[in-house]
Amino acid sequence: MRVSTGSASQSDSRMVTVVVESFGIGRQRQAERRFTVPFAQLQSTMRTIARQGGRIKAVDVAGTLPEAPSSAPSEAQATPAAAPAPTAPSKPAAVSHAAVPVNLYKPKDPFIGTVTENYSLLAEGAIGRVNHITFDLAGGDPQLHYVEGQSIGIIPDGTDANGKPHKLRLYSIASTRHGDNMVGHTVSLCVRQLQYEKDGETINGVCSTFLCDIEPGAKVKITGPVGKEMLLPDDEEANVIMLATGTGIAPMRAYLRRMFEPAEREKNGWTFRGKAWLIMGVPTTPNLLYDADFEHYQSQFPDNFRYTKAISREQKNAKGGRMYIQDRVLENADEIFSMIEDPKTHVYMCGLRGMEPGIDEAMTAAAAAKGIDWSELRPQLKKADRWHVETY
């Protein structure tokens, strides 16, 4: 349902009560609920209700309504029985992603980008190798652009064992649409070098090693962008819970820069006023990625950002075992579920696929403590475009 707010203004003090049924999660969907909001927020409230599958029973505007067209009865003439009944979709309305760029460059005709910087993200004593790599995208026709939460493909140089060109690998973008330098034509990645043992030999991942070793000035074949699963909501008052392990921090870094970097807030005209909560899992403190930035955001925006770490080889969980991200979820179950009960809350999870069972188990236990069946709730959140997962 679309409600016109064309005559509303920032100074409009009228309040609107919206009566809704079949709205919310778990047991809340059984009860009738009422939302009283300022008139200026009515449109966004209607969209939220629609996404949650709520059915609007009535809308009551306190105070004087805008003057009605001459062909319609005035407020004094109208009665509740005569007023048209508001309607809403029986299922959550799809979020419009029409403006999101997809596959501007494909594997057969990739964009050729230039490496501008490549540096380690790890502190001394860290495990493995993780680099921050930035590419210049200027000069494309079309211009290769993207939004936060998308990925790009990288085609490494060389050929495989059969003499064929290497296949592309997808990497989550770690920068905002404006790039790290705010000029609008760069993209950054957060890449961990893949290494594993096979028959007593250490095998290095083809593309990850190619990227970690690449020098500034080198040319790289880039495809994409792709992906609409991890996009941020447009709502400046949304709540965002982020669950990340390792380089799964990439999209979360992009979100947080968009939310809290002063230059971003000034340039994008989107001022985040909700609550963001990052729960980050790593094996050791030196493996924390972009840690100084996140600590700074927390100090500058204490009412809007919370940063929680799960350092498995240094911290203990309640049972005395290693502290993993799922343990932090269990520790904070009440707060997490209180946030999830708010229809403005979105959850994002990114990292190794192995993190999913642990998170799922923790959410199941936390939901059960509130009398909620997680196996029923999660599909509801997914359908409402509030549960976003990208694992690999």
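Before moving on, here are some points about what is shown:
- Under 15 Å from the Cα of LYS309 - aspartates and glutamates, other chains or at least 8 residues apart: ASP291, ASP293, GLU295, ASP327, GLU331
- Each other residue within a Cβ distance under 13 Å of VAL100 adds +1 if Lys or Arg and -1 if Asp or Glu, for a net charge of -1.
- Computed from the C-beta positions of ILE127 and GLU335, the FRET efficiency with R₀ = 41 Å rounds to 0.85.
- Spin-label proximity, ASN204 to segment 154-189 - amide N less than 20 Å from point 7 Å beyond Cα toward beta carbon: 154-171, 189
- Peptides 303-309, 369-375 ordered by packing proxy, namely the average of other Cβ atoms within 10 Å per residue, highest first: 303-309, 369-375.
- The distance from the alpha carbon centre of segment 372-392 to that of segment 142-202 is 28 Å, rounded to a whole number.
- Summed side-chain charge close to THR308 - residues other than THR308 whose Cβ falls under 10 Å, Lys, Arg +1, Asp, Glu -1: +2
- Each Lys or Arg adds one and each Asp or Glu takes one away; over the other residues whose Cβ falls under 11 Å from the Cβ of ARG322, this sums to +1.
- In nm, spacing of pseudo-spin labels at ALA365 and ASP234 (7 Å Cα→C-beta vector): 4.1 nm
- Calculated FRET value between ALA99 and ASP141, using beta carbons and R₀ = 22 Å, to 0.05: 0.70
- Taking a straight Cα-Cα cut-off under 18 Å and skipping sequence neighbours fewer than 8 places away in the same chain, the lysines within cross-link reach of LYS383 are LYS91, LYS228, LYS344.
- Segment 352-392, dipole about Cα centre (Lys/Arg Cβ +1, Asp/Glu Cβ -1), debye to the nearest 20: 120 debye
- Averaged over residues, the count of other Cβ atoms within 10 Å places the peptides 283-294, 156-167 in the sequence 283-294, 156-167, highest first.
- Considering only TYR196, HIS166, HIS185, and ranking their Cα positions along the charge dipole of segment 166-225 that arises from unit charges at the beta-carbon of Lys, Arg, Asp and Glu, the one farthest toward the positive end is HIS185.
- When the solvent-accessible area of segment 261-391 is split by element, carbon and sulfur atoms take up 48 percent of it, the probe being 1.4 Å.
- Partners of LYS167 within straight-line reach, counting lysines whose Cα lies under 19 Å from its Cα and excluding those fewer than 8 residues away in the same chain: LYS106, LYS108, LYS219, LYS221.
- Accessible-area composition of segment 92-170, carbon plus sulfur, in percent [1.4 Å probe]: 52 percent
- Loop sites in segment 129-206: GluC sites (Glu not before Pro), DSSP, at most 14 other Cβ within 10 Å: none
- Residues whose placed amide H lies under 5 Å from that of GLU261, excluding near-sequence neighbours: none
The values are calculated or read from the model by the stated rules, or taken from the named source; none is laboratory data. Keep in mind the model is a prediction, meaning the values are calculated, not measured. Note that we place each Cβ from the backbone using ideal geometry, even for glycine, and neighbour counts take in every protein chain shown. In case anyone asks, the SASA skips ligands and DNA or RNA and just uses the protein heavy atoms, side chains included. Shrake-Rupley method; radii C 1.70, N 1.55, O 1.52, S 1.80 Å.
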